[in-house]
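**Student:** Handing you a structure now.
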Amino acid sequence: MKTLLLLRHAKSSWKDSSIEDHERRLKKRGKKEARRIGRLIAAENLVPDALVSSSARRCRETAEHLIQNSDYRGDSRFSPELYDADAAKLREFVSKLSDSSSRVMLIGHNPGLEEFLESLVGEHTPLATGALAHVDLPVDRWADLGGQTRGSLVRIWEPRELSL
């Protein structure tokens, strides 16, 4: 069985309209959210084997704050493929992951993450900014993640619900 942790980037700032979308930063609240999720994955023993983030600045910053507040010690990869990716592209990306990782965290964007989560579990599940979805998948190899594969949504956490 493989485990996928889908994390929508934390709250970002729209304050400066001259900044390109890809370069938007986290708000102060977003940094706090990312730190909470980092502490959560450590407390829940959900530290991933691999972490892949969109190359967008708000996702990279989310990853950095999460890593600093968790027990994650693996490599982090920042991929432009995850920026603006839809469900099909996310599924294809995940299907190419190394099987040496059993639990992978993807940090990305809506609407793609919500669409991907829906395709994995068979029902629409909203992902607020900073929300983390834990999905168990009935596959032994990432390459076996086909369009008909249905996983189990274990839980969704939203940062505002956490006291960590």
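**Student:** In the stretch 113-164, which residues are surrounded by fewer than 20 Cβ atoms within 10 Å (Cβ to Cβ), touching a residue at least 60 places away in the same chain (Cβ under 8 Å) and small (Gly, Ala, Ser)?
**Tutor:** 128
**Student:** List the pairs whose first member sits in the stretch 3-32 and is among the basic types (Lys, Arg), whose second member is part of a strand (DSSP E or B) and modelled with pLDDT under 95, and whose Cβ atoms are under 9 Å apart, counting only residues at least 6 apart or on separate chains?
**Tutor:** Matching pairs, first to second residue: 11/26; 24/12; 25/12; 27/12.
**Student:** Looking at the stretch 67-81, is at least one residue more than 18 Å from residue 2 (Cβ to Cβ) and in contact with a Phe, Trp or Tyr (Cβ under 7 Å, 6 or more places away or on another chain)?
**Tutor:** yes
**Student:** Among the residues of the stretch 60-79, is any buried (at least 21 other Cβ atoms within 10 Å of the Cβ), more than 20 Å from residue 29 (Cβ to Cβ) and of a type outside the set (Phe, Trp, Tyr)?
**Tutor:** no
**Student:** Pairs under 8 Å by beta carbon, first residue under 22 Å from residue 34 (Cα atoms) and at pLDDT 95 or above in the stretch 70-95, partner of a type in the set (Ser, Thr, Tyr) and surrounded by fewer than 18 Cβ atoms within 10 Å (Cβ to Cβ), six or more apart or different chains?
**Tutor:** 78/55; 79/55; 80/55; 82/55; 83/55
**Student:** Quick check on my filter: what residues within the stretch 1-29 are more than 30 Å from residue 151 (Cα to Cα), of a type outside the set (A, V, I, L, M) and part of a strand (DSSP E or B)? Walk me through it before giving the result.
**Tutor:** Kept after step one, since they are more than 30 Å from residue 151 (Cα to Cα), are these residues of the stretch 1-29: 13-29.
Going one step further and asking which of them are of a type outside the set (A, V, I, L, M), we end up with 13-18, 20-25, 27-29.
The answer is none; no residue qualifies.
The values are calculated or read from the model by the stated rules, or taken from the named source; none is laboratory data. Predicted model only: the values in this text are computed from it and were never measured. Cβ atoms come from the backbone with ideal geometry, glycine included; neighbour counts cover every protein chain shown.
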